[in-house]
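Okay, structure first, notes after.
The values are calculated or read from the model by the stated rules, or taken from the named source; none is laboratory data. All values reported here derive from a predicted model rather than from experimental measurement. In this analysis, Cβ positions are derived from the backbone assuming ideal geometry, glycine residues included, and neighbour counts consider all displayed protein chains. We work out accessible area using only protein heavy atoms, side chains counted, and drop any ligands, DNA or RNA first. Shrake-Rupley method; radii C 1.70, N 1.55, O 1.52, S 1.80 Å.
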Amino acid sequence: MINVTLKDGSSKQYPEGITVKEVAESISAGLARVALAAEIDGEVKDLSTALEKDCTLNLLTFDSEGGKHAFRHTASHILAQAVKRLFPGAKLAIGPAIENGFYYDFDVDTPFTREDLDKIEKEMENIVKEDLQLERFTLPREEAIRFMEEKNEPYKVELIRDLPEDAVISFYKQGDFVDLCAGPHIPSTGRIKAFKLTHVAGAYWRGDEKNKMLQRIYGTAFPKKSELDEYLAAMEEARKRDHNKLGRELGYFTTVDYIGQGLPILMPKGAKVIQILQRFVEDEEERRGYMLTKTPFMAKRELYKISGHWDHYRDGMFILGDPAKFEDPNEEIFALRPMTCPFQFQVYLSRLRSYRDLPLRYNETSTLFRNEASGEMHGLIRVRQFTISEGHIACLPEQLEEEFAGCLDLALFMLRTVGLESDVSYRFSKWDPNNKEKYIGTEEQWEEVQGRMRQILDDLKLDYTEAEGEAAFYGPKLDIQIRNVFGKEDTLITIQIDFQLAEKFGMVYIDRDGQKKYPYVIHRTSIGCYERTLALLIEKYAGALPTWLAPVQVKVLPIVDKHHDYAQQVARKLQDAGIRVEVDCRNEKIGYKIREAQMEKVPYMLVLGDKEAENSQVAVRSRKEGDLGPMLLDDFITKITEEVRTKAK
């Protein structure tokens, strides 16, 4: 007999070799019906897994992440089986479960159309009705290679060849379909009651632009149709808020194919919002003791060699010149900067520092360049050239916690002000001790600094998760994460503790004992990437930005031509008060002008007719409060300037 400890802490004895499914049935028939997979000693496995020794067991339903993953992973296999039935020449690549759904990559001669997806969905329905059992089996590496070669699946063969020589390879079979897969999966195809193929996109094999472009079919799946319908309705609403659509419609930005992917053009409205944010951030940073720098956009290879970016980040950089000469010591090789830190360090190095000088806080509105993969780019959220509120603090060891707390306080102040504070989460990003070549420094140094950072986060009572392998190559960091309208998570703000680059650059200070020592360096952003922040604000407010951020705060709408002179007078007075205003003097009906201003998400419209011109009034229509009626112009200016001053949302 073996002891099985369940999630509630209770322990039960079962015969050795009992399956997880049989354990679930012994607890309750209802649990067995909804169980999809199981966590055995912390590892997610199929329900068909036999228990051979004492273990902890947590049965997973669709309410758990592990259950969702197994459910949608099986949906991806159903998709692959349907494609192979309808398009026998299609070659299979990979098909994982992802957050909110799944995808599968195929190599096909002709791109899939929406009509193809509809046919594939019909065939998937047939496979679900067949209620095929999923059966796991394994093969030795060489036998697995021959098996996939016989099936003419070159991508699977390549994946197997990348595995160790002594690896035992697992496969899953459902009916006549077999796929290379580590699992886990749910017991049968009949459990996938509701699914939808959402769209198709191009994707390079293994994310490498040098490889072939494959066809990636995306989908999602739920146990109930009502849950699927709710999700699809939410996605439809998200599409209406998608900055990549709405931002273009409202005239914030555009893109041009012959300029390049990931290189957006900020139009006057978008540029104005970013200018407002930049001025606000720089003024607040100055108030908090930061000193502004302005550094070059590029540097010689030698700078990046000192910092470590040349060895650890070169693939993400734009390097100028002939790639064949990048390592030629006789060639002068330049690269666009992917970050500002090694440049700002030169300000610190411009003279010898004393412990009395520290902390030193430098800030810069930095334009950076990163060679993002084409498949990763999206609107303004992920681009190849962007502007960031970057800063670096050199401090004494005993100042580290206070300075880190100050960076977090600044970030939270920014998030509160723009209205994003409730939308973020916090991630403690650590190194991966199993992939040490990604990083600089010793294991002892990493563990010591990570321990100190964890203590700082705990002292600040921050609710955070931990993520291995997400640290910068020179130190751990706190990432402030946020999701776009489609649920995809990105980093908005980061605060990093660097215990290495000061030594690499020879950044020393004379301590109280007269000895030269290296400071800690904190790398931080206060509002992150301005382009990404703009995208998130457009989505958060569905384009209706708060008045203080709106690129046009007031539209003046004269009813007929004879009111144009008064309209210009009103506009000048508003401009003198610092209000961003436009006058619509087109020969259009006032109703049309009002509707158009509403579509442009302008906070206030001032309608001007005979009565308003005679009495120095304006008829005020608010985007938020509706028709406010006639108001003295001076009273309206008082109202809107107070709204802007307080940065009301």
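Could you order Thr638, Thr442 so the one with the most accessible surface comes first? Probe is 1.4 Å. Don't skip to the end; give the middle numbers.
Values: Thr638 90, Thr442 65 Å².
The ordering from most to least exposed comes out as Thr638, Thr442.
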Exercise. May I have the count of lysine pairs in the range 137-254 with C-alpha atoms under 26 Å apart, counting pairs 8 or more residues apart or located on different chains?
Key: 18
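Once the convex hull of the C-alpha atoms of the range 256-314 is built, how many Å³ does it hold per residue, rounded to a whole number?
On the way: hull volume 8.8 nm³, N = 59.
Cα convex hull per residue, to the nearest whole number: 149 Å³.
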Practice problem: Kindly report, to the nearest 10 Å², the accessible surface of Leu492 as traced by a 1.4 Å probe over protein heavy atoms only. | Solution: 10
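Please give the per residue accessible area of the range 151-278, computed with a probe of 1.4 Å over protein heavy atoms only, in Å².
50
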Exercise. Report the accessible area of Met213, computed with a 1.4 Å probe over the heavy atoms of all protein chains in place, in Å² rounded to the nearest 10.
Key: 90
Quiz item: What do you get for Rg/Rh of the range 574-649 when both radii come from the Cα atoms and Rh is the Kirkwood radius?
Solution: 0.94
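On average, how much accessible surface per residue is there in the range 63-146, in Å², for a 1.4 Å probe, leaving out ligands, DNA and RNA?
Counting only protein heavy atoms, the per-residue value for the range 63-146 is 46 Å².
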Self-check item: Directionally averaged shadow of the range 98-143, computed from the convex hull of its alpha-carbon atoms, nm²
Solution: 6.0
Quiz item: Using a Förster distance of 30 Å, how high is the FRET efficiency between Asp41 and Glu227, based on the Cβ-Cβ distance and rounded to 0.05?
Solution: 0.50
Quiz item: Which angle from 0 to 90°, rounded to the nearest 10, does the C-alpha axis of helix 65-86 make with the longest principal axis of the chain?
Solution: 80
Quiz item: Given the C-alpha centroids of the range 6-41 and the range 443-466, what is the distance between them in whole angstrom?
Solution: 37
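What dipole magnitude, in Debye to the nearest 20, does the chain give about its Cα centre under +1 on Lys/Arg Cβ and -1 on Asp/Glu Cβ?
Numbers: 91 positive and 109 negative charges, 372 e Å.
The dipole magnitude comes to about 1780 debye.
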Quiz prompt | Magnitude of the charge dipole, the range 174-282, Cβ model with Lys/Arg +1 and Asp/Glu -1, debye to 20 | solution = 180
Quiz item: Lys240 versus Ser10, label points 7 Å from Cα toward the beta carbon: distance in nm?
Solution: 4.8
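Viscosity 1.002 mPa s, temperature 20 °C: Stokes-Einstein D of the range 231-373 from its Kirkwood Cα radius, in µm² per second? Display every interim value, and only then the final one.
Working: Rh = 18.7 Å.
The calculation lands on 114 µm²/s.
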Quiz item: Helix 114-130 sits at what angle to the longest principal axis of the chain, using alpha carbons and giving 0 to 90 degrees rounded to 10?
Solution: 40
Practice problem: For the chain, find the longest principal axis of its Cα atoms and tell me its angle to the long axis of helix 225-241, 0 to 90°, nearest 10. | Solution: 30
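Using r as the Cβ-Cβ distance of Ser26 and Lys649, and R0 as 56 Å, what FRET efficiency do you calculate, to the nearest 0.05?
Details: r = 55 Å, r/R0 = 0.98.
Given R0 = 56 Å and the Cβ-Cβ separation, E is 0.55.
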Quiz item: Can you work out the FRET efficiency for the pair Lys438 and Asp610, with r the C-beta to C-beta distance and R0 = 51 Å, to the nearest 0.05?
Solution: 0.10
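Dividing the alpha-carbon radius of gyration of the range 553-614 by 2.2 N^0.38 Å (N being the number of residues), what value is obtained? Each step should come with its number before you reach the end.
On the way: Rg = 10.8 Å, N = 62, 2.2 N^0.38 = 10.6 Å.
Taking the Cα Rg and dividing by 2.2 N^0.38 Å, one obtains 1.03.
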Practice problem: Can you tell me the dipole magnitude for the range 28-119 around its Cα centre, using point charges on the Cβ only (Lys, Arg +1; Asp, Glu -1), in Debye to the nearest 20? | Solution: 360
Quiz item: Within the accessible area of the chain, what % is carbon and sulfur when the probe is 1.4 Å and the other protein chains stay in place?
Solution: 48
Quiz item: Each residue of the range 392-402 in order: what ³J(HN,Hα) in whole Hz does its phi give by Karplus 6.51 cos²θ - 1.76 cosθ + 1.60, θ = phi - 60°, with x for Gly and Pro?
Solution: 9, 10, 9, 9, 6, x, 6, 9, 4, 5, 5
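Only bridges whose two residues both fall in the chain count here: according to DSSP, what percent of them are antiparallel, nearest 5?
Numbers: 97 of 117 bridges.
So the antiparallel bridges amount to about 85 percent of the total.
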Quiz item: Which one of Met235, Tyr509, Ile145 has its Cα pushed farthest toward the positive end of the charge dipole of the chain, where Lys and Arg give +1 and Asp and Glu give -1 at the Cβ?
Solution: Met235
